[in-house]
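Any read-out appearing in this document is the output of simple, stated calculations on the displayed coordinates, not a laboratory observation. Note that the structure is predicted; figures quoted are calculated from it, not measured. In this analysis, Cβ positions are derived from the backbone assuming ideal geometry, glycine residues included, and neighbour counts consider all displayed protein chains.
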Amino acid sequence: MTYSRRSFLKTGAAATGVVFLPYVVGAAAHAGNEFATDSGTVSVNAIAHASMVLLTPVGTIHVDPVGDVAQYADFPKPDLILLTHHHGDHFNVDTLNGLVADGTKLITNPEVYNQLPEELKAKASQMANGDSGEFNGMSIDAIPAYNTTEERLNFHPQGRDNGYVLVIDGLRVYISGDTEDIPEMRALKDIDVAFVCMNLPFTMDVEAAASAVSEFQPKYVYPYHYHGRDGGTQDPEAFAKLLNDAVQVKMGNWYS
């Protein structure tokens, strides 16, 4: 896949050697959610639904943080916040205001960027589908995220929302955002860790998600964002069964 290039968010505030300190005591408990890179470890920490914190050698990355800021109290302040789109289970200004620090940077899709208050917009850069950039040496590609089923097109129209591929010291991480099993997902290559959404009526069911994952073959996959509406909650265990060991499935504690 070919992307246009944009260079932005090069900062001197890399958190290497610092971001793991609050988690030293609990390191053993999180070993199953840690992934090696060329220069350290990426720790995956599920918060709720679509929100997560990645502790990485390039800094602390929050993805779609919403909800009570107290949920994030055990983690370092974010060096980078990634926002996929403007829906309330992915984007909340009050949560962002409670999390950002002086050096925090934000990457958003254009829709979220336009909705940010000026103080947050000053910390933000926007990426449209197909844009690329970097943060502290980590490359970031904005991957399309959209619906294809006719009755769902109004939820996530093509061209508006983002997923992301991050390359963290050699570790390739895909975050789907809200999407169905689109060609751009199926065409992904060499993904080490994937986070793939599944819920109805907003995204896709476990069958579609498993079919896409079987095609792009990440080394590990986390089902996430799987509580839906009107019976649209998807079963992550059923998703794992459909993959039948073709891809190693990881279960995050998204709904404790």
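Springs between alpha-carbon atoms under 10 Å, Gaussian network over the chain: tell me which of Thr60, Thr179, Thr233 tops the mean-square fluctuations. Of the options given, Thr233 has the highest mean-square fluctuation. A simple spin-label model places pseudo-atoms 7 Å from Cα toward Cβ; at Ser214 and Thr233 they are separated by 2.6 nm. In a reduced charge model with +1 at each Lys and Arg Cβ and -1 at each Asp and Glu Cβ, region 165-256 shows a dipole moment near 200 debye about its Cα centre.
Note on Glu34 and Gln115: their simple-model spin labels are 3.7 nm apart, each label 7 Å out from Cα toward Cβ.
Here's how it looks for Gln158: its modeled amide H is under 5 Å from those of Asn147, which are all 5 or more places away or on a different chain. Using a cutoff of 8 angstrom between alpha carbon atoms and counting only pairs six or more residues apart, the relative contact order for region 86-224 works out to 16 percent. When each of the peptides 37-47, 81-91 is scored by how many other beta carbons lie within 10 Å of its residues on average, the order from highest to lowest is 81-91, 37-47. When the chain is treated as a GNM with alpha-carbon contacts under 10 Å, the residue of Val206, Val100, Val69 showing the greatest mean-square fluctuation is Val69. Applied to region 144-155, the Karplus parametrisation 6.51 cos²θ - 1.76 cosθ + 1.60 on θ = phi - 60° returns per-residue 3J(HN,Hα) values of x, 9, 6, 8, 10, 6, 3, 6, 10, 4, 6, 6 Hz, with x for Gly and Pro. Out of Asn162, Asn97, Asn199, any idea which swings most in a Gaussian network model of the chain, alpha carbons joined below 10 Å? Top of the fluctuation ranking is Asn97. Here the gap between Ala70 and Ala122, fully extended at 0.36 nm per residue and compared with their Cα-Cα distance, gives a gain of 16.3 nm. For Leu171, the residues whose modelled amide H falls within less than 5 Å of its own, excluding neighbours fewer than 5 places apart on the same chain, are Asp38. For the chain, the dipole from Cβ point charges (+1 on Lys and Arg, -1 on Asp and Glu) about the Cα centre works out to 600 debye, to the nearest 20. Projected label points at Tyr255 and Lys189, each 7 Å from Cα along the beta carbon direction, are separated by 3.7 nanometres.
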